[in-house]
Structures are given as structure tokens and as C-alpha cells.
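First comes the structure, then the notes that go with it.
The values are calculated or read from the model by the stated rules, or taken from the named source; none is laboratory data. Worth saying up front: this structure is predicted, and the values here are computed from it rather than measured. Cβ placement follows ideal geometry from the backbone for every residue including glycine, while neighbour counts extend to all protein chains displayed. Protein only, heavy atoms only, side chains kept; ligands, DNA and RNA dropped before computing areas. Shrake-Rupley method; radii C 1.70, N 1.55, O 1.52, S 1.80 Å.
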Amino acid sequence: MKYKELINELYKKRTNGIKLGLNRVISVLEKLGNPHHSFKSIHIAGTNGKGSVSKIIYCLIRAQGLSVGLFTSPHLTRFTERIIVNDIEISEEEVEHLIEKIKPFSDELTFFEYVTVMALQYFKEKGIEYAVIETGMGGRLDATNVVNPLISVITNIGLDHQEFLGADLASIAKEKAGIIKNGIPVVSSSQKKEVEKVIIKKAEEMESPLFIYDRDFIGVLKSMSLEGIVFDFYPFSFQPSASSLQPDLFLPLTGFHQLENVSVALKAFINIYPMYNENAIKEGLKNVKIPGRLEIIYDKPLAVFDIAHNPDAAEVLIKSLKTLTDKKPVVVFAMMRDKNVNEFIKCFENYAYKMIFTVPNYERALTYKELLKRLNDKKIDFVPEPLEAFRNAISLCKNNSDIYVLCTGSAYLVGEIKERLGEKTLHRSLGEIL
């Protein structure tokens, strides 16, 4: 009951909304003795792929026998998913301890700022050597940007959170590139031209070495299946004729986008840990498991969960799915109000067998009434309750071997259905306003 009371109190900080800026976090960290100075960090920002890149880097470091922490958001079913040390989620008792430790200094903190401070303090108390830290939303003014990392990583940048980060790609890129620190190396995914220009300019201003996927390093796909991808990685040249790190590496995540994600992660890892063991790299990659990223829930009928939450992510997802299966999807989807639902739906127009809209139990979820106002006379099936929508889709597929189920559009939808299917959860639906 104590954990329930404290976590509810923490979630009430959602009413503080999103307040970009570092002063509040810096002030609290100083009172705690600057815990973020006690370990080496890797900092990851971006719009799509940052969760996968973060987990892959974490697994690579862990496989070398090092003590490492991982901080990501949002969670799918349990708050404790956000903070991991050496493959173990933070316990409810440790969450209680940290909430009470931070509480005397926390009046002005937002939810995400509080959780960031909690993670940094926990990492210090655990005595870790490395921490892999994913930004929440932006970069320059994100609560995590208090760290001075060994390397900064920027994954694919697209239009998202425009009300906070800017109306166009260049503005958003400027905010994301704010994690670049003076003289600290930067690894970037391939980017749209207007984004790449911003990142290059920022790296030059900060005199930071910059490595861009498809320009300075590359991954070459050998094969792809529902089980994962097999690939070669070329860390020091974009020419496939150059020497690869190790042939036929296997990653148990699938999709064309994961080739780029794993290459970005490998490039960052090799930069910070040049004394790596090649066999450990292979083992580290095999250990990568990320719920909600092209995750196969059932084989018969095929059911896939993916948290693609914007049009860019949807396009990449569809490209991969078309290669992995000839079947057409029954798309069960939900979205948050701040997302571009029209463009998201347009991505599926010539691909989906049927689209079923539903509404997860979360205050920011787009309602059916709101959806209809945006649709311009397009017709979408509506099933209010997510598990019922999922079961309806499964029933359709049982009677038609040419279709499969795809649940997508929001981490909150995927999390709620996983919870209703039996995954351990506690207060999953409360989340942060992101």
C-alpha cells in the first residue's frame, strides 16, 4: 500500500505539465550531491528509434561484463520498466526509498523531472560504471541534459511534439541537437537534409566529431525474418568493400529500421569502448529484447504489436511488414491528441485490410468524437475498449488466412492490451504527459 500511495503522489505531478528547462533538475541534483557525476553516461535523443538504440547500447555494454544502468520512457505496463541496473528492474521498495529521499526538494519538479532525478540517484547508489540515458521529449532543455556524456547519439528526427519543440523539422532538430556537448563525439542516424544541416552545424560549433549513418559507417542487411535480422556492420567506412566488424551478426529485432538502429548503437559503443570483445558483441546483440517493437504476440493467427506513433514511424513499419508477410493487416490503433492522425491513417490506406480505432484509458488519448472531426469523411470502424478491439481483429483473422492483426499508434494502447492479456502491471495507465 505504501508503494501505491507514493506512486500515486508522484503521478499527481502530471498536473505540473511539461516545463522545459534544466534549472529545477540541477538544483535538486546539487542538493543530492550531483549523483550524475558518479558514472559514465551515453545520451540518446531523437524522434524514432531512440528506445531501440538505447537498449542495444545497454546490452552491448552489459555483455562486456560491466555494470550498467538504463533509463527509458515511457513504460508499457510497469513504472519499474523505466529504470534497470544489470538486467534487473528497480524494485517497488527502491522506488519508495527514492521518492521519499527526493521529496523534500521536489515541489517544483514535473513528473518526468522527478523520475529523471530518481534514475540518476539510483544509478549512483548502485555504483554502476555506465548509464544509458534516453531523453524524454526534446534535447536541449530535456531534464536528462544535465549529464556530460562520453558520447551523444541522435536517432531519426521527424515531426512530433511541435507545440513544444517547434513547427518544422529544422526547429525540432535544433532542440534535439542540444544534447551535443563541447568536444564530445556524436553518432547520428541518417537524416533528412534539413535535419542533417542542423546537426552538422551544431557539431562544428561544439567542435564535436560527428559520425553519420550511410556516410561514415553502414550496416548491410543479409536476411530478415519475423525472428530478427542478420547483417554485417562496417564501422569505419561506408564502402561495403571495407572490413566488417564481424560477419553475420544477429539481432532478434526485425524491420529495416532496426538495421540502422543497431548500426548506430554499434558505432556509439565501439567509440566509447574500443577494447571490446567481439564474441561479447555477438552475445550482447542476441540478448536484446524490446517489447512493443515489431513484437510477435501470436503466431496463429499472426498478431504484431508496434508502438509506431507518428507517420514517419508508420511508413517504416509498413515497409518492413510488407517484406515479412504477404498478408494484409487488420489495424487496431489509437493515438494521442497531439499526433497527426490523418497522415498516420493515410499511410495505411493502400495496405490495411481494415482499420479499427479504439481509445486506451489515458487522459491524452484521442477520442472517437475528436477523430471524426479530423477525418474528412473517411470511415473507420470504432470499438471503444482496446481488448475488445483486439479480440474482434483476432476473430476476423481466424476466419481469413490472408490477414493478420497489427496493434499500433501508441505505447499506451500496446501497454493496455498487454496488461489485459496478463502482463504484470501497476498504475500503467497514468504515465507522463508526453
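With all pairs of different alpha carbon atoms counted, what Kirkwood hydrodynamic radius in Å does segment 90-143 show?
12.1 Å
From the P(r) of segment 282-339, can you give the percent of Cα pairs sitting at distances over 18 Å?
Summing the P(r) of segment 282-339 above 18 Å gives 42 percent of all pairs.
I need the peptides 287-294, 84-91 ranked by packing, meaning the mean over residues of other C-beta atoms within 10 angstrom, with the highest value on top.
So the peptides 287-294, 84-91, ranked by packing, come out 287-294, 84-91.
If the chain between E9 and K103 were fully stretched, how many nm would it gain, using 0.36 nm times the residue separation less the Cα-Cα distance?
32.8 nm
With all protein chains present, calculate the accessible area of K103 using a 1.4 Å probe and round the result to the nearest 10 Å².
The value for K103 is about 70 Å².
Calculate, in whole percent, how much of the Cα-Cα pair population of segment 96-219 lies beyond 23 Å.
Across segment 96-219, Cα pairs with separations above 23 Å total 39 percent.
Cβ neighbours within 10 Å, averaged per peptide: list 26-32, 187-193 in order, most packed at the top.
187-193, 26-32
Percent of accessible area on the chain owned by carbon and sulfur, 1.4 Å probe?
48 percent
Which three extents, in whole angstrom, do the alpha-carbon atoms of segment 198-335 cover along their principal axes, largest first?
Sorted largest first, the three principal extents are 49, 36, 25 Å.
Given the convex hull over the Cα atoms of segment 312-381, what projected area results after averaging over all orientations, in nm²?
4.9 nm²
If ligands, DNA and RNA are left out, what is the accessible area of F236 with a 1.4 Å probe, given in Å² to the nearest 10?
Counting only protein heavy atoms, the figure is 150 Å².
Give me the extension gain from K282 to A170: residue separation times 0.36 nm, minus the current Cα-Cα distance, reported in nm with one decimal.
36.7 nm
If the reach is capped at under 20 angstrom between alpha carbons, list the aspartates and glutamates near K197, excluding any in the same chain fewer than eight residues apart.
D160, D168, E175, E205, E207, D214, D216, E260, D312
Taking 26 Å as the cut-off for C-alpha to C-alpha distance, list the pairs among K2/K289; K319/K373; K192/K339; K103/K418 that go past it.
K2/K289; K319/K373; K103/K418
Run through all the Cα pairs of segment 270-411 and give the fraction in each 5 Å bin from 0, expressed as whole percent.
2, 9, 18, 20, 18, 11, 7, 5, 5, 3, 1, 0
Excluding G178 itself, calculate the net charge of residues whose Cβ lies under 12 Å from the Cβ of G178, where each Lys or Arg counts +1 and each Asp or Glu counts -1.
Around G178, the charge tally is +2.
Quick one: if you stick a label point 7 Å off each Cα along the C-beta vector at E349 and F250, how many nm between them?
Modelled inter-label distance: 4.1 nm.
Rolling a 1.4 angstrom probe over the protein heavy atoms, how many square angstrom per residue are accessible across the chain?
Roughly 40 Å² per residue, with all protein chains present.
Hey, for a label at F236 modelled as a point 7 Å past Cα toward Cβ, could you say which residues of segment 245-285 have their backbone N under 20 Å away?
Those under the cut-off are 245-249, 263-282.
Could you give the length gained on full extension between K222 and E93, defined as 0.36 nm per residue of separation minus the Cα-Cα distance, in nm?
Gain in length upon complete extension: 41.9 nm.
To two decimal places, what compactness ratio does the chain give when its Cα radius of gyration is scaled by 2.2 N^0.38 Å?
0.95
Once you have the Kirkwood Rh of segment 1-90 from its Cα pairs, apply Stokes-Einstein at 4 °C and 1.567 mPa s and quote D in µm²/s.
It comes out at roughly 84 µm²/s.
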